[in-house]
Amino acid sequence: MLRVLNLFDDVTEQDVDALFSPFGALKNKFIAVDPNTGRSAGFAFISYVNEEDENRALRDLDGSIIRDNVIHVELAISRT
């Protein structure tokens, strides 16, 4: 599972799909929402059906600039 940090506050599920689905089939996605504003809290969790796809997304997207934000992609949980 990947943790994505520094997303813009109006990110949508469609934005996340557009950014992450080119790397492979998504298993789950969760966009954290600020309960006071109803807007994105700036982070999300993404998981892929295949670990190889997850690895490519991690490698290729970490440090990417998306709408003037540098996003950070990291492993949310360690693999054993």
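The values are calculated or read from the model by the stated rules, or taken from the named source; none is laboratory data. The shown structure was predicted, so the numbers you read here are calculated from the model rather than taken from an experiment. We place every Cβ from the backbone using ideal geometry, glycine too, and count neighbours over all the protein chains shown.
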For the stretch 64-80, what are the residues that are assigned to a loop (DSSP other than H, G, I, E, B), under 12 Å from the mean Cα position of the chain (by Cα) and either loosely packed, with under 11 Cβ neighbours inside 10 Å or not aliphatic (A, V, I, L, M) (or both)?
S64
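Yes or no, residue by residue, for (1) at pLDDT 95 or above; (2) closer than 15 Å to L5 by Cα:
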site	(1), (2)
L26	yes, no
P35	no, no
F45	yes, yes
E52	yes, no
L61	yes, yes
V70	yes, yes
Using the structure shown, decide if I31 is in a loop (DSSP other than H, G, I, E, B) and either among the hydrophobic types (A, V, I, L, M, F, W, C) or surrounded by 15 or more Cβ atoms within 10 Å (Cβ to Cβ) (or both).
no
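Please go through the stretch 26-53 and give me each residue that is of a type in the set (G, A, S) and either under 17 Å from E74 (Cα atoms) or in contact with an Asp or Glu (Cβ under 7 Å, 6 or more places away or on another chain) (or both), ordered by number.
A32, S40, A41, G42, A44, S47, listed by residue number.
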If T12 meets every condition in (1) of a type in the set (S, T, Y); (2) under 15 Å from L75 (Cβ atoms); (3) free of Cβ contacts under 8 Å to residues at least 40 places away in the same chain apart from one, which number is that one?
(2)
Any idea how many residues of the stretch 9-18 are surrounded by 14 or more Cβ atoms within 10 Å (Cβ to Cβ), under 15 Å from L61 (Cα atoms) and more than 8 Å from the chain's Cα centre (by Cα)?
1
